[in-house]
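Only one structure is covered here, and it is reproduced in the block below.
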Amino acid sequence: MKRPLWEDAIEARAAAYCPYSGYAVGAAILDDNGLVHTGCNVENAASPVGTCAEVNALAAMVRAGGRRIRAVAVATADGAPPCGSCLQALSEFVQLPQEVEVFLVDAAGNENLLHFDQLLPIRFPRQGG
């Protein structure tokens, strides 16, 4: 049996580099090919040069040839959702927002299931299709 997507996000969170904020984030994306891509946040002393876990997972998906997101999982200490910038970046690869599941999980393993359109109800329009 395949493990839940949020477990991949928890695993990615353990690799986070966050010496400044101490706020570790892990993300996992399931693409339309059934592949899972993960990322963690990477901070930098020259803030805001660091990158978010969701964007790093998105970059891994694109690098592997994925172009559509089916589900996203984000693991944080408190179960927080992706920031607005990450939501907009992810939305570029979300075809039907009401069908894309977003799993938010906290350090205790409590899971909250939402759909993408609940987190970003109005998206900035894509240019060129």
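Summary of values
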read-out	value
Residue selected from segment 24-81 under the condition among the basic types (Lys, Arg) and under 25 Å from PRO121 (Cβ atoms), by the criterion nearest to the chain's Cα centre (by Cα)	ARG70
Lone qualifier among ALA27, ALA57, ALA9 - being touching a residue at least 60 places away in the same chain (Cβ under 8 Å), within 19 Å of ALA89 (Cβ to Cβ) and in contact with a Gly (Cβ under 6 Å, 6 or more places away or on another chain)	ALA9
Test: residue in segment 64-81 that is surrounded by 17 or more Cβ atoms within 10 Å (Cβ to Cβ), within 27 Å of SER21 (Cα to Cα), free of Cβ contacts under 8 Å to residues at least 60 places away in the same chain and hydroxyl-bearing (Ser, Thr, Tyr)	no
Elements of type strands (runs of 3 or more DSSP E) contained in segment 28-129, each with 1 or more residues being over 15 Å from GLU11 (Cα atoms) and in contact with a Pro (Cβ under 8 Å, 6 or more places away or on another chain)	101-105, 111-115
THR38 being closer than 15 Å to ALA107 by Cα and at pLDDT 95 or above	no
Exclusive hit being under 25 Å from TYR23 (Cβ atoms) and either in contact with a strand residue (DSSP E or B) (Cβ under 6 Å, 6 or more places away or on another chain) or surrounded by fewer than 15 Cβ atoms within 10 Å (Cβ to Cβ) (or both), set LEU114, LEU87	LEU114
Number of the exception - GLY50 against (1) within 19 Å of LEU104 (Cβ to Cβ); (2) of a type in the set (Gly, Ala, Ser); (3) surrounded by 13 or more Cβ atoms within 10 Å (Cβ to Cβ)	(1)
Condition broken by LEU96, with the remaining ones in (1) in contact (Cβ under 8 Å) with a residue 12 or more places away in the chain; (2) closer than 22 Å to PRO121 by Cα satisfied	(1)
Whichever residue in segment 1-47 is closer than 19 Å to GLY66 by Cα and among the β-branched types (Val, Ile, Thr) and, among such residues, is surrounded by the most Cβ atoms within 10 Å (Cβ to Cβ)	ILE29
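The values are calculated or read from the model by the stated rules, or taken from the named source; none is laboratory data. Note that the coordinates shown come from a computational prediction; the quantities given were computed from them, not determined experimentally. Every residue, glycine among them, receives a Cβ derived from its backbone with ideal geometry; neighbour counts consider all protein chains shown.
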